[in-house]
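The values are calculated or read from the model by the stated rules, or taken from the named source; none is laboratory data. Nothing here was measured: the structure is a model prediction, and the numbers come from that model. Because the Cβ atoms are built from the backbone with ideal geometry, glycine has one as well, and the counts that use them run over all protein chains shown. Side chains are part of the model used for accessible areas, which takes the heavy atoms of the whole protein and leaves out ligands, DNA and RNA. Shrake-Rupley method; radii C 1.70, N 1.55, O 1.52, S 1.80 Å.
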Amino acid sequence: MHSLRTHTCGELRREHIGHPVRLSGWLHRKRDHGNLLFLDVRDHYGITQCVLDGSSPLFKTAEALRLESVITVAGKVVPRAPGAVNPRLATGEVELPVDALSVQSSAEPLPLQVNSDAEFPEETRLRYRFLDLRREKLHGNIVLRSRVIASIRRRMIEAGFIEFQTPILTSSSPEGARDYLVPSRVHPGKFYALPQAPQQFKQLLMTAGFDRYFQIAPCFRDEDGRADRSPGEFYQLDFEMSFVTQEDVFAAIEPVLHGVFEEFAGGAAVTPAPFPRIPFAEAMAKYGTDKPDLRNPLLIADVTDVFRDSSFAPFATAIAAGAVVRAVPAPDASGQPRSFFDKLGQWAREQGAPGLGYVVLADGGAKGPIAKFVDADRLARLGAATGGREGDALFFVCDRQPAAEKLAGRVRARLGEDLGLVERNAFRFCWVTDFPMYELNEDTKRIEFSHNPFSMPQGGLDALERSDPLTIKAYQYDIVCNGVELSSGAIRNHRPDIMYKAFAIAGYSRDEVEARFGGMLNAFKYGAPPHGGSAPGIDRIVMLLAGETNIREVIAFPMNQQAQDVLMQAPGPVPPERLKELHIKLDLPSVDSGRES
RNA sequence: GGGCUCGUGGUGCAGCCUGGUUAGCACACUGGACUGUCAAUCCAGAGGUCGCGGGUUCAAAUCCCGUCGAGCCCGCCA
């Protein structure tokens, strides 16, 4: 008989009755009746109830075991009495009387309880991650992650993609987030950068003729964390295809995402392919965000013209000065108490708005604080623009367009939530397309790339030469699920001439472009295929499928919000001789902040 | 860099607004009782400088100021 186990703790059934078996696992729970002791032994696969009575010489040892100690038990499987069967346990029809017991590893009293789903502080959970990972939920999330990644990999390979690895020690990318830098010992004063994404490598692989690339790619960005954004590092399903249009990219990845979500969504509805395509400008207008949550049925309407020259002075004057008015409908809100409207107005002020105008459509007319400024004609036009019907309320946001869109988007999200309109048990995908190529930096008044500088401008060189840069769109798209941005992607700019021009508009000279992306630019001078791709975030996909709202719940060893690994104590100091070897002298900020290590 | 919230035995919470008994409850821990439980039950016990520093007060977990830490958000995230 194997010295550690003949079966796993999730394996024993009626058919094993009478078999001599040996199990190893963690002591999950103990029920001590004085002369009868139940031990629940747990491993990755399940839990098996083991039992001893007072006549056993092992009884005292077993009684004294602390939870989470690792033990090995042996005995002959017996059936449970009919009334003692536990239907909630896969192994619940049998139990194991313990004839032999050895302690492989005893546990100290626990800083967090493994056999409970009680909440523990984030710091404790991270410091004792190995304990947290034993707990059912997190353990399950990490298993789910593995299965999701395996499914993605299988589907990508079946779709004809080839998996690659690309360098982790590479060069600093010129745009975007801060890089993590790694000093070179051999080249004093020079640094590698960890890739923010394998962007240039995958484009080089396309130029090398591999046609369809993918990678479960680690990406490193020195940016602050959020609930849905792990600081430091994360994983993307990075893929790229040659000789494709935007529609070809969509058609390639939609079945993969749809398939993975169907496979793991547990019966929740998943948007069938093709996913809706929403141009960026429309997304901002109708949903007030570039990552619309399509589970929320509410649509924002432009009612600027309704309030233009109206007697409601705050709006009318703002409109004359260039503001717009956006309306968010609140279906059947007329029955809501006054406090509902007051609370929403208060919340809007907390968001930085002066307030939230509204009218309630009731008794064939309009009610509410600004209703008296809305005559019958304007009321009819409001109804027509918003689809608002008797019994609905309409909330108004008035500001310059970008701010109005953004706040209206928040109002839409909030109303959808508060009124219980957001679809449950569904994964609703869409593409947001036609992002602007450039945007104006309000602080510097300079034109900057609004997304990826390697995207192909719509209209090509011609557009760059003839159009107002702020009107040019790019073949740039995001995929969004339930209001979570899963990825952005693009048809790339594979033409050096167009690239020089595109960068020139953003203020980069030919020399700068060559200095910064010489490698890729040079490659494009020797025959580059038109190509494009995208890179959905693996962590976010798993987060959605696991029903979690925090990305740390699907990462085995995440960092905290300050980008520290409190389990491994990273980042940490290094001995002076290592710094010397790397030609590095520290120039630390003065200590008066009081912060150490 | 900024805003909000939180910080009370190992852990989760209560007490704080309205200052005044021995800081309370649950889980875990230690000891005891108990032969069919499956969150076992029952009894007892140990464990707290109320994050830290300063101030107000006869008196501070409680009020004030500062500071440190955590989470969430803004900035940032091609």
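Brief remarks on what is shown
- Looking only at the range A:164-196, residues that are in contact with a strand residue (DSSP E or B) (Cβ under 8 Å, 6 or more places away or on another chain) and on the phi > 0 side of the Ramachandran plot come to 1 in all.
- Test for A:H7: is it closer than 24 Å to A:V114 by Cα and under 36 Å from the mean Cα position of the chain (by Cα): no
- Odd one out for A:G322 among (1) surrounded by 14 or more Cβ atoms within 10 Å (Cβ to Cβ); (2) out of contact with any Gly (no Cβ under 8 Å at 6 or more places or on another chain): (1)
- The sole residue among A:I142, A:I149, A:I157 that is open to solvent by less than 60 Å² (accessible area, probe 1.4 Å), part of a helix (DSSP H, G or I) and farther than 30 Å from A:R29 by Cα is A:I149.
- The single condition among (1) under 21 Å from A:P558 (Cβ atoms); (2) more than 12 Å from RNA strand B (Cβ to nearest atom); (3) free of Cβ contacts under 8 Å to residues at least 60 places away in the same chain that A:Q113 does not meet is (2).
- Qualifying positions in the range A:35-53 - within 10 Å of RNA strand B (Cβ to nearest atom) and outside any strand (DSSP E or B): A:N35
- One residue stands out among those in the range A:453-467 that are within 26 Å of the chain's Cα centre (by Cα) and under 16 Å from A:G507 (Cα atoms): the one that is modelled with the lowest pLDDT, which is A:P453.
- In summary, A:K525 fulfils each of the numbered conditions (1) surrounded by fewer than 23 Cβ atoms within 10 Å (Cβ to Cβ); (2) closer than 30 Å to A:V256 by Cβ; (3) at pLDDT 90 or above with the single exception of condition (2).
- Options A:S146, A:S102, A:S116; residue that is among the small types (G, A, S) and closer than 20 Å to A:C50 by Cβ: A:S102
- If only residues of the range A:543-560 that are in a helix (DSSP H, G or I) and not aliphatic (A, V, I, L, M) are counted, the one that is farthest from RNA strand B (Cβ to nearest atom) is A:E553.
- A:T471 vs. criteria open to solvent by less than 30 Å² (accessible area, probe 1.4 Å) and among the β-branched types (V, I, T): no
- Selected residue (criterion: farthest from RNA strand B (Cβ to nearest atom)) from residues of the range A:163-183 that are farther than 17 Å from A:G519 by Cβ and not in a loop (DSSP other than H, G, I, E, B): A:P183
- Residues of the range A:500-515 satisfying the condition of being of a type in the set (F, W, Y) and part of a loop (DSSP other than H, G, I, E, B): A:Y508
- Residue ranges of helices (runs of 4 or more DSSP H) in the range A:184-301 with at least 1 members away from RNA strand B (no atom under 16 Å from the Cβ), farther than 17 Å from A:N482 by Cβ and at pLDDT below 95: A:280-287
- Residue under evaluation A:F503, criteria (1) within 11 Å of RNA strand B (Cβ to nearest atom); (2) open to solvent by less than 20 Å² (accessible area, probe 1.4 Å), criterion not met: (1)
- Only one entry in A:G267, A:G209, A:G225 is of a type outside the set (A, V, I, L, M) and under 24 Å from A:R428 (Cα atoms), namely A:G267.
- Single match in A:G10, A:G25 (criterion: more than 10 Å from RNA strand B (Cβ to nearest atom), open to solvent by less than 30 Å² (accessible area, probe 1.4 Å) and touching a Cys at 6+ places or on another chain (Cβ under 6 Å)): A:G25
- Count - residues of the range A:74-89 that are in contact with a Lys or Arg (Cβ under 7 Å, 6 or more places away or on another chain) and more than 10 Å from RNA strand B (Cβ to nearest atom): 1
- Pairs linking a residue in the range A:558-583 that is open to solvent by 30 Å² or more (accessible area, probe 1.4 Å) to a residue that is in a helix (DSSP H, G or I) and away from RNA strand B (no atom under 14 Å from the Cβ), with Cβ atoms under 9 Å and 6 or more positions apart or on different chains, are A:L567/A:F130.
- Any hit, the range A:561-583, residues being at pLDDT 90 or above, of a type in the set (V, I, T) and either under 11 Å from the mean Cα position of the chain (by Cα) or part of a loop (DSSP other than H, G, I, E, B) (or both): no
Okay, residues lined up against (1) without any contact (Cβ under 8 Å) to a residue 60 or more places away in the chain; (2) open to solvent by less than 70 Å² (accessible area, probe 1.4 Å); (3) within 31 Å of the chain's Cα centre (by Cα):
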position: A:L67; (1), (2), (3): yes, yes, no
position: A:I71; (1), (2), (3): yes, yes, no
position: A:A74; (1), (2), (3): no, yes, no
position: A:D99; (1), (2), (3): yes, no, no
position: A:S102; (1), (2), (3): yes, yes, no
position: A:R125; (1), (2), (3): yes, yes, yes
position: A:E136; (1), (2), (3): yes, no, yes
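Listed here are the residues, each with its yes/no results for (1) near RNA strand B (Cβ under 8 Å from one of its atoms); (2) not hydroxyl-bearing (S, T, Y).
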site: A:E15; (1), (2): no, yes
site: A:H33; (1), (2): yes, yes
site: A:S55; (1), (2): yes, no
site: A:L65; (1), (2): no, yes
site: A:E68; (1), (2): no, yes
site: A:T91; (1), (2): no, no
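- Subset of the range A:174-199 [closer than 17 Å to A:F454 by Cα and within 23 Å of the chain's Cα centre (by Cα)]: A:E175, A:G176, A:A177, A:P195, A:Q196, A:A197, A:P198, A:Q199
- Hits in the range A:76-89 - residues which are over 17 Å from A:H19 (Cβ atoms) and open to solvent by 70 Å² or more (accessible area, probe 1.4 Å): A:P82, A:G83, A:P87, A:R88
- Selected residue [touching a Ser or Thr at 6+ places or on another chain (Cβ under 9 Å), farther than 22 Å from A:V249 by Cβ and open to solvent by less than 50 Å² (accessible area, probe 1.4 Å)] from A:A193, A:A177, A:A217: A:A193
- Condition check for A:A408: touching a residue at least 40 places away in the same chain (Cβ under 8 Å), open to solvent by less than 10 Å² (accessible area, probe 1.4 Å) and in contact with a Gly (Cβ under 9 Å, 6 or more places away or on another chain): yes
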